[in-house]
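The values are calculated or read from the model by the stated rules, or taken from the named source; none is laboratory data. For clarity, every value in this text was computed on a predicted model and none was experimentally measured. Glycine also receives a Cβ, built like all others from the backbone with ideal geometry; neighbour counts cover every protein chain displayed.
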Amino acid sequence: MKLKNRIFILGISLLGLTHNATAQTQQCNGKFANLITDYCWSAHFPIRMAGVEVFSMNQEDNNSTSGTDLVCTCGQETGATLDLKVGTTVSFWESSHIVDIARKPFCLVGLGGIDLGDVMDAPASGRSTRGEGGHVNSTNFYHGNLYANPILYFIGVASDNPCLTQTPFDLYYSTSWDPLWNDEETTMMLNPDAYLYANPAAMLAVTADCIATSSGFSSPEIYWSAGCQGGMFPLTGMVSTHTGTARSASLLLQKFLSKGHRELLLWGTSYGGGEAGLCYKYPKYMIDKTDYKYSMLFPTPQTKKGHLCAQPLGRSTQIWAAGTTFPFYGEDVSFQVLRKVDCCMSASDADMAN
């Protein structure tokens, strides 16, 4: 073996040891998002009524087929009682959740960087670097936290409107206590269909999906794709090729949301046919990526990047994320997640919203 090759391999090995050591001593960083300056408020638009755009704010929409009929109904006749609501279809984007992508287990980025410490045994996050055939590959592993965060309900924009999620702020899921998040074989219980897409044809569809997201929304049929971030499966915290914090965090956000749907932690709120979506939330085992937009809250609130401060899942981070993350303090990420809502709103609902 030539001397320069030995030096190269030794350097790579030392670099890998450094990263592994760093993973054990990582800091937990974060902040409480400022409602005024950090949230992407314009992303709640456009608002449609009976399929007609009422308020746009030049924001992106998935143009979901929630129905263009002026009249919609919810409920049914039960015996001698008629439980029926008549209204019109309303569509908008609701800021429903916050998702953390953290280097350290039990690190609550969205709660100001609170570190819960070693609550229980959890796989360590971190980055490993290896060299093969003269190439250097960097692999990342992160944890995630999911918070219920219906801010429109909190601030009383429409406190009694049934179209809005009406739950308290809550941390109701973390991968730090989920053994599936670090086990590619066991997590196949959630996504056994991953074997169907481990082929070149499926990867070509990922490329097409990436192109589509550059100017619009991802294709819901290509659910195994995370757009420009690569493949969706397996649903673990591993990023096989790390090329930047923003890209890795965006990929893990999509995996996290997909996993949430498969575990029925996240339900559908967009039109699913009949009364589903319009009248009630419903189980939606397969994620529809067009139901979501997201915006960075930490380390750099995306509102500082321009008027269009949220983007669909799968869009290239090169378009919006330049300079948003940085070493040490800026390597933990928190996202505002907006979910598409299609709803049948009656006149009495509108009165309660005022």
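What the table below lists for this structure:
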| quantity | calculated |
| --- | --- |
| Residue count for segment 277-311, restricted to those that are farther than 20 Å from Trp41 by Cα, outside any loop (DSSP other than H, G, I, E, B) and hydroxyl-bearing (Ser, Thr, Tyr) | 2 |
| Among (1) assigned to a strand (DSSP E or B); (2) closer than 29 Å to Met189 by Cβ, the one test that Lys259 misses | (1) |
| Among residues of segment 319-340, those that are more than 24 Å from Thr290 (Cβ to Cβ) and of a type in the set (Val, Ile, Thr), counted | 1 |
| Pairs where the first residue, in segment 134-150, is assigned to a loop (DSSP other than H, G, I, E, B) and the second is loosely packed, with under 15 Cβ neighbours inside 10 Å and modelled with pLDDT of 95 or more, C-beta under 7 Å, 6+ apart | none |
| Any chance Gly323 is part of a loop (DSSP other than H, G, I, E, B), of a type in the set (Gly, Ala, Ser) and in contact with a strand residue (DSSP E or B) (Cβ under 9 Å, 6 or more places away or on another chain) | no |
| Which listed residue, of Ser258, Ser214, Ser270, is of a type in the set (Ser, Thr, Tyr), closer than 23 Å to Gln59 by Cα and out of contact with any strand residue (DSSP E or B) (no Cβ under 7 Å at 6 or more places or on another chain) | Ser214 |
| Members of segment 43-63 found to be crowded, with 20+ Cβ neighbours inside 10 Å and either modelled with pLDDT under 90 or more than 28 Å from Thr167 (Cβ to Cβ) (or both), listed by number | Asn62 |
